[in-house]
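Engineer: First the structure, which I've put down as structure tokens, then a few questions once you've had a look.
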Amino acid sequence: MEVDRGAEAGLPLETMLEQELLAFEHNTPDLSEITWYQCGGDRISLVYYGAWFKNEVGQKRFFKNQKATLERKFGKPSFDAFDPGWVEKLVFWLDGKGDIEKKLPVVQWQPESGGVIMLQYSSLDVDGKAYGVTMSWEK
């Protein structure tokens, strides 16, 4: 599936299968993507996807679209650093973490089916692109 969409394997397939970690990357002038699948037997236990853009506009648009998609599918996040409730705001303020969305720019869901889904901004620079968004799903 990853190869069909133009991604390249990060390592030889045999090595990735032995390590139970499949890694792919896809780069264009405007977008760099990294996708990892951690597997055990015939089950995927972790999916990690990162997208990096040349500018903040692309990054913010992608984040907003992904958050809306996840909210439609899984409902309200279990934690949203960008929109914490008043109790969380008070706790952050008392702990001296008033700007939590800058320190921990993450939105998290805990679906009824189990696992954790996280969407966050990334401070990594990938392939010369400094504006990233990462998503992970862990079962």
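Engineer: Please work out how much length the chain gains when fully extended from residue 8 to residue 28, using 0.36 nm per residue of separation minus the C-alpha to C-alpha distance, in nm with one decimal. Kindly include the intermediate steps, with their values, before the conclusion.
Structural biologist: Numbers: separation 20, 0.36 × 20 = 7.20 nm, distance 1.21 nm.
This chain segment gains 6.0 nm when fully extended.
Engineer: For residue 130 and residue 46 in the same chain, what is the full-extension length gain: residue separation times 0.36 nm, less their Cα-Cα distance, in nm?
Structural biologist: On the way: separation 84, 0.36 × 84 = 30.24 nm, distance 2.43 nm.
Additional length available on full extension: 27.8 nm.
Engineer: Sticking with this one: If the viscosity is 0.890 mPa s and the temperature 25 °C, what Stokes-Einstein diffusion coefficient in µm²/s follows for the stretch 22-84 when Rh is the Kirkwood radius over Cα pairs?
Structural biologist: On the way: Rh = 13.9 Å.
The calculation lands on 177 µm²/s.
Engineer: I'd like the distance between the alpha-carbon centres of the stretch 31-55 and the stretch 119-139, rounded to an integer number of Å.
Structural biologist: Using only Cα atoms to place each centre, the spacing works out to 10 Å.
Read-outs throughout are calculated quantities, based only on the coordinates presented, and are distinct from any laboratory measurement. Predicted model, so just to flag it, every value in this text is computed and none were measured.
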